[in-house]
Amino acid sequence: MDSTVKCTILLILLGLVVNAFSVTDYEHCENVVKKWATNSLKHESKEDKHALKDLLFFLHVPRTGGRTYFHCFLKKLYSSSLECPRSYDKLRFDPSKEKCRLLVTHDDYSISSKLPRGRTSVVTILRNPIDRVFSTYEFSVEVAARFLVHPNLTSATQMAGRLRSKNKGVSTLDIWPWKYLVPWMREDLFARRDARKTRGTSDFTSGDPYNMEDIVMPLLNYINNPISHEIVHNGATFQIAGLTNNSYLPESHEVRHCVDKYNNLGDYVLQVAKKRLDTMLYVGLTEDHRESATMFANVVGQQVISQLVNSNAIGKGANVNNSAEQGTSFSDSELDQNTNSDEKGNETTSSDDNEVNQDNMTVEKLMDTYEVCISGLRKTQTRRRIASLKRISPANFTKEARNRVPQMVLQRIQSLNKLDVELYEYAQGIFAKQHKQAAEKLFDARTLGSIFIYSGGIKLWDACLWTMPFVLLFIFLFVNAKRRTLKLKI
């Protein structure tokens, strides 16, 4: 047989073998992902999602504003004795603890397998995926830049290790995903600084902080790096699905591998994440900060107050934290909160010096303390952010600089986060429904009937004046809900 014919036959046979293997591999991956999705949806609670259960689990998606809600809402309600002993890295608490009522963590949804089934309510906040990627990049660089006070990377790493061993709190370097992202950026910043020293020049070829490669890894390089593919992109979807690289599920690595290899299998992950959003007590949006905060106070805060008052648990040693100047440090929020000092990044709150009794807490008081708290956080954040970015000057991340990022980069971020984009749009729809339901509940027929009843010597005119603010608030909420229903796209 002619050698050319033999070669052709061998190539055909090889192609058939490779194709058969590819089909088999795809079928295997499809079966793995479908099995995981089916099992995940089986365990979803069918109970009333609107009622707060015994344990409140705040699933904190990084860079969405969760720390603000924790410090300015939940710390006003739950005393430290009611918080589940936790870290932001792997479960370290006893779910059977009788008084464990609040868990706030970056752990993904898989942690719910450790929580009391049927007695846990879940809340979360989502953010525009493009903005969240920007914020993740900026925060990674920001925290890493604090280590540039050291002469070299070895010194910085050793000092960080010593501080973490002495510190009783939880360091940013212990928390997912920062325990991966910050060391990565830290090493990169030192390498670029050493290269500048070697060249003996301080001239920079770019004025764009997102493309200033002499000082910091360009944003485009960051988003295309395998580490970002593993941790950052579609992070919200994988976290709510329970499939991060920090997952408690033994099959999570294989499922993620299959979805990464065959992108169409991501639809199964997306459907699980959507179903879980449907069952949550509350879903907030970072971009609609004010409306989200008001809804959180009324939907979640009101029920927490009622629940804790009934159990005589509210206010027993709760931290009010009226000032952000108490040495408290924050790893994350829509305010881009930083940690308390250069290296240690302590995530613990301050001591209980400012404890007060919150026996008379109401939704109105909760919102008032929230406004005071967030004002302090903004001031603290601004000071810390400026101090951190000085170390990588002239690189300075601002809204104006974001607006100048090339469209090509934005499109690349969007294409890498297709699951998160669709999940965010779905969350916007849930938010609009929550908004409408809150408005209807505020001004239902029973409320109308009670307004015009003489009671306790209150005159009709006084009753009208007293209820007028509620009428105006209802109109505001209703109009916004209608408008939001028509505008669900990013």
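Distance between the 7 Å Cα→Cβ label points at Asp208 and Lys433: 4.1 nm. Relative contact order of the range 226-300, taken over Cα pairs closer than 8 Å and 6 or more residues apart, is 22 percent. Between Ile386 and Ser80, the simple label model (points 7 Å from Cα in the Cβ direction) yields a spacing of 3.2 nm.
Taking amide H as placed 1.01 Å from N in the peptide plane, the amide H of Asn128 sits under 5 Å from that of Thr286, Glu287, each at least 5 places away or on another chain. Packing-based ranking of 221-233, 63-75, 137-149, 271-283 yields 63-75, 137-149, 271-283, 221-233, ordered from highest to lowest mean Cβ neighbour count within 10 Å. With each label modelled as a point 7 angstrom along the Cα→C-beta vector, the Lys197-Lys365 pair spans 5.6 nm. Between Arg290 and Asp54, residue separation times 0.36 nm minus the direct Cα-Cα distance comes to 82.3 nm. If R₀ is 51 angstrom, what is the calculated FRET efficiency for the pair Asn221 and His28, using the beta carbon separation as r and rounding to 0.05? Given R0 = 51 Å and the Cβ-Cβ separation, E is 0.95.
Using the reciprocal of the averaged 1/r over all distinct C-alpha pairs, how large is the Kirkwood radius of the range 244-296 in Å? Computed over the range 244-296, the radius equals 13.4 Å.
A short reminder: the numbers here are calculations on the coordinates, not readings from a lab. Quick caveat, the model's predicted, so the values are computed rather than measured. For neighbour counting, all protein chains shown are included, and Cβ atoms are generated from backbone atoms with ideal geometry for every residue, glycine included.
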